[in-house]
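S.K.: My questions will all concern the structure given below.
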Amino acid sequence: MIDLHAHTSASDGSLSFSELVTEAKRVGLRALAITDHDTVRCASMIRPGASVPLLIPGAELTVFDEGLGYKDIHILGLFLDTSDAALNSRLSLLESDRLAQKRATVARLRELGYDLDFEEVRREASGAVGRPHIAKALLRKYPGEFKSVSEVFQKLLARGKEGYVEREAGFSLRESVDLIHGAGGLAFVAHPLLYPYDSVKLLEDFRSLGGDGVEVYYDYIKNRPEERISAAENTRIIERYQGLARDLGLLESGGSDFHGAAKGQALGVFGAPDQVLDRLTAALRKPL
Ligand code: AMP
Ligand code: FE
Ligand code: FE
Ligand code: ZN
């Protein structure tokens, strides 16, 4: 099995680089991509030559595209040159937008009556601060009100809820594709079912901008428990995106979206078939 989507403590995952690699070896993954939100800090620790598991440097870029109307969608970049100057300078600029949004979210929560300050949130994170860190801080302070991070999202932090503050700026869809290609990588729409947008239109727009593929193999059951998706439905979803990928001429990717033991899927349980990696390396036309 291969896993092309995993987070570390450089974003909202809980394992460090070495802990994640140890776990990937333990569960017997053939390949693992490190795809933190809007940062390559951990992915850049990958040294070429490590082969079991094959470690793939990646990132999951957050897109806010005012022009096309896609807000808060995630684009995975795989096989990135993490030293790419354009990618790094854009990511560090974006980090301040991300922080501004999280500070504004804490201010909004205070208006809503929650006694929370930004330093408490920052202490939950060891890298890029995300809404899951805000959720964890709230869970710690208000155990009577929330039982899980997912419940905090449902009540407050999901896009459109009372505690959600829109980000001021982000990557456009085109910029996300161009940055990934500029860094030698392949670009994929992550977990397409999680957005309030028509998948066919999104994937067509993505492809017309040069996007390479779509995350077909994804565990919506574990990663969005509140949606109560059955195993049979998840299989149908995967088949639907396999069909769309085929019809639109897009590559397939897939992975666990591992964040650590506390959230979502464990490592080594859900991933993509090995042939997916063979097709990606053929499309890459560069040595790994
Ligand atoms: P942010 O980078 O601040 O936009 O936070 C995005 C992250 O929050 C996602 O990658 C997920 O890990 C998490 N997330 C988003 N929506 C939900 C949800 N409904 N339930 C649980 N976690 C979520
Ligand atoms: Fe996340
Ligand atoms: Fe995501
Ligand atoms: Zn992810």
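Values in this text are rule-based calculations from the coordinates and carry no lab data. On a predicted model such as this, the values are computed, not experimentally measured, just so you know. Quick reminder, even Gly has a Cβ in these numbers, built from the backbone with ideal geometry, and neighbours come from all protein chains shown.
S.K.: When you scan segment 232-243, do you find a residue that is among the polar types (S, T, N, Q), within 16 Å of ligand 2 (Cβ to nearest atom) and in contact with a helix residue (DSSP H, G or I) (Cβ under 8 Å, 6 or more places away or on another chain), even just one?
M.R.: As a first pass, look at segment 232-243 and keep what is among the polar types (S, T, N, Q): 234-235, 242.
Keeping just the survivors that are within 16 Å of ligand 2 (Cβ to nearest atom) gives none.
Within segment 232-243 (the criterion being among the polar types (S, T, N, Q), within 16 Å of ligand 2 (Cβ to nearest atom) and in contact with a helix residue (DSSP H, G or I) (Cβ under 8 Å, 6 or more places away or on another chain)), the answer is no, since none of the residues qualifies.
S.K.: Do you know which residues across segment 136-157 are in a loop (DSSP other than H, G, I, E, B) and crowded, with 16+ Cβ neighbours inside 10 Å? Even if it seems obvious, please write down each step before you answer.
M.R.: Residues of segment 136-157 in a loop (DSSP other than H, G, I, E, B): 142-148.
Hit for segment 136-157 is Phe146, nothing else.
S.K.: Only one of these is in a loop (DSSP other than H, G, I, E, B), within 24 Å of Gly211 (Cβ to Cβ) and more than 16 Å from ligand 4 (Cβ to nearest atom): Gly67, Gly113, Gly49. Name it. Outline the logic, then answer.
M.R.: Values: Gly113 fails: within 24 Å of Gly211 (Cβ to Cβ); Gly49 fails: within 24 Å of Gly211 (Cβ to Cβ).
Just one listed residue meets the conditions, Gly67.
S.K.: Test Ala100 against the stated conditions and say whether it is loosely packed, with under 15 Cβ neighbours inside 10 Å, touching a Lys or Arg at 6+ places or on another chain (Cβ under 9 Å) and in contact (Cβ under 8 Å) with a residue 40 or more places away in the chain. Show your work before the answer.
M.R.: Working: loosely packed, with under 15 Cβ neighbours inside 10 Å: yes; touching a Lys or Arg at 6+ places or on another chain (Cβ under 9 Å): yes; in contact (Cβ under 8 Å) with a residue 40 or more places away in the chain: yes.
Yes.
S.K.: Let me ask another. For the structure I just gave you, tell me whether Ala261 is small (Gly, Ala, Ser), out of contact with any Pro (no Cβ under 8 Å at 6 or more places or on another chain) and under 22 Å from Thr8 (Cβ atoms). Write out each step before concluding.
M.R.: Working: small (Gly, Ala, Ser): yes; out of contact with any Pro (no Cβ under 8 Å at 6 or more places or on another chain): yes; under 22 Å from Thr8 (Cβ atoms): yes.
Taking the combined requirement at face value, the residue satisfies it.
S.K.: Give the residue that is farthest from ligand 1 (Cβ to nearest atom), with candidates limited to residues of segment 191-215 that are out of contact with any Pro (no Cβ under 9 Å at 6 or more places or on another chain), over 20 Å from Gly67 (Cβ atoms) and not charged (D, E, K, R).
M.R.: Gly213
S.K.: Could I ask something else about it? Among (1) within 16 Å of ligand 2 (Cβ to nearest atom); (2) part of a helix (DSSP H, G or I), which single condition is Ser126 missing?
M.R.: It fails just one condition, (2).
S.K.: Tell me which helices (runs of 4 or more DSSP H) are completely within segment 177-259 and hold 2 or more residues being among the aromatic types (Phe, Trp, Tyr) and either surrounded by fewer than 19 Cβ atoms within 10 Å (Cβ to Cβ) or more than 18 Å from the chain's Cα centre (by Cα) (or both), or say none if there are none. Reasoning before the result, please.
M.R.: Working: elements: 199-208, 220-223, 231-248.
Answer list for segment 177-259: none.
S.K.: Can you pull out the residues in segment 242-288 that are among the β-branched types (Val, Ile, Thr) and without any contact (Cβ under 8 Å) to a residue 12 or more places away in the chain?
M.R.: If the condition is that a residue be among the β-branched types (Val, Ile, Thr) and without any contact (Cβ under 8 Å) to a residue 12 or more places away in the chain, then Thr281 is the only one that fits.
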